[in-house]
Amino acid sequence: MKKYNFNAGPSILPQEVIKQTAEAVINFQGEGLSVLEISHRAKYFQPVVDEAEALFKELLGIPEGYRVLFLGGGASLQFCMVPFNFLEKKAAYLNTGVWSKKAIKEAKGFGEVVEVAASNNSIPDDYDIPQDADYFHITTNNTIFGTEISDHKLAAIYANKGNVPLIADMSSDILSRPIDVSRFDLIYGGAQKNLAPAGVTFVIVKQSALGKVSRYIPTMLNYQTHIDGGSMFNTPPVLPIYTALLTLRWLKANGGVNWIEQRNKAKAELLYNCLDQSKLFTPSILNREDRSRMNICFVLKPEYADLQDDFFQFATERGMVGIKGHRLVGGFRASCYNAMDLEGVQALVDCINDYEKLH
Ligand SMILES: *Cc1c(COP(=O)(O)O)cnc(C)c1O
């Protein structure tokens with residue numbers, strides 16, 4: 001039976017990317033060696049990192065003066081690397097859910113942290129950004145509750161931030177839509193949602209933004225180290241970087257971020273429309289503008305709440321994988337990352353509609 005992978009992360013990757021990765025595990029680019037056993041210093045691997053950085057820049061339209069790094073440690077290490085490298089006195093954070101909270105907790109170890117606003121179920125837009133902050137940190141997509149900062153609310157942030165540097169965790173919506181990277185001093189994320197298997201973290205950093213804090217920064221935690229080392233200061237996650245390159249090539253070959261944004265919009269519309277009209281279910285996020293296109297959360301209406309396990313089993317029998325909501329939220333979550341196609345979302349919609357007919 002065909003499986004539809006709605007896992008929140010690690011998550012779906014394009015089928016052809018998985019096949020190409022499997023081929024490279026056996027024989028990397030016809031070299032007679034596995035990608036698992038080549039040296040990252042070998043002549044084979046430098047072109048992989050170079051092409052991955054170049055494609056990242058091309059696909060997102062990243063301006064001059066920025067570097068794209070591929071590091072270890074996950075987005076969670078960035079929660080501490082960001083304040084280590086940028087927080088001298090005070091930082092401002094917008095709290096839009098669990099991941100934002102974790103980022104805030106780490107920053108508090110380095111200086112004063114102003115939480116400008118907080119909400120799990122919507123994207124606040126009525127707050128001031130302290131103009132003396134060293135940076136303002138946002139989480140563009142709330143993976144767990146299913147909210148996302150819309151283009152419209154992002155534009156308001158650009159307008160209101162003044163000269164305060166903007167830093168974003170884009171773990172779960174990177175490359176899902178066009179982004180004006182020139183507005184940001186740093187963008188980071190774990191690659192295991194939209195790009196690669198777990199193990200690599202992408203960092204897009206404006207080089208001129210670095211070097212402004214007075215504290216000692218340990219070598220491995222200093223962005224400058226990894227810029228100077230071209231992501232190869234120490235052994236990088238070779239396989240995940242290779243798969244990231246394959247995903248970037250896939251995205252480019254299909255039409256880039258404009259193409260994927262249209263597809264992501266169509267997918268989200270299809271599923272939210274189904275949920276808005278449903279007799280049994282309701283989308284968890286009520287404000288349409290704040291609904292995530294990547295993580296679509298829904299619950300049974302109170303009068304049908306006892307069908308929770310039954311629907312889960314029904315959906316599992318239809319090949320739906322990973323639709324259980326996060327344990328903090330309950331209900332259901334269908335993660336519809338870039339690699340999920342319209343047909344997959346249609347299969348979930350058919351599954352919901354067929355289930356409704358039984359009730
Ligand atoms: C998954 C996720 C993280 C955590 O990433 P790790 O690579 O596991 O540390 C952080 N932020 C957001 C928004 C996420 O979705």
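Points to keep in mind about this one:
- Restricting Ile167, Ile129 to those that are under 30 Å from Leu286 (Cβ atoms) and either in contact (Cβ under 8 Å) with a residue 60 or more places away in the chain or within 12 Å of the ligand (Cβ to nearest atom) (or both) reduces the list to Ile167.
- Listed by position, the strands (runs of 3 or more DSSP E) contained in the stretch 66-136 that have at least 1 residues being under 19 Å from Leu328 (Cβ atoms) and under 22 Å from the mean Cα position of the chain (by Cα) are 90-95, 112-118.
- Selection status of Phe45, away from the ligand (no atom under 16 Å from the Cβ), within 27 Å of Lys212 (Cα to Cα) and either in contact (Cβ under 8 Å) with a residue 12 or more places away in the chain or not assigned by TED's automatic domain parsing to the domain that holds Lys206 (or both): no
- Residues of the stretch 268-291 that are under 28 Å from Lys357 (Cβ atoms) and either within 17 Å of the chain's Cα centre (by Cα) or in a loop (DSSP other than H, G, I, E, B) (or both): Ala268, Gln277, Ser278, Lys279, Leu280, Ser284, Ile285, Leu286, Arg291.
- Hits in the stretch 77-97 (condition: in contact with a Leu (Cβ under 8 Å, 6 or more places away or on another chain) and either away from the ligand (no atom under 13 Å from the Cβ) or among the β-branched types (Val, Ile, Thr) (or both)): Val82, Phe84, Asn85, Phe86
- Subset tally (residues that are more than 10 Å from the ligand (Cβ to nearest atom) and farther than 20 Å from Ser122 by Cα) for the stretch 177-193: 10
- One residue alone among Leu36, Leu77, Leu59, Leu55 is of a type in the set (A, V, I, L, M) and farther than 20 Å from Phe184 by Cβ, and that residue is Leu36.
- Criterion (touching a Ser or Thr at 6+ places or on another chain (Cβ under 7 Å) and more than 12 Å from the ligand (Cβ to nearest atom)) met by exactly one of Ser122, Ser150, Ser100: Ser122
The values are calculated or read from the model by the stated rules, or taken from the named source; none is laboratory data. On a predicted model such as this, the values are computed, not experimentally measured, just so you know. Virtual Cβ from ideal backbone geometry, glycine too; neighbours counted across all protein chains shown.
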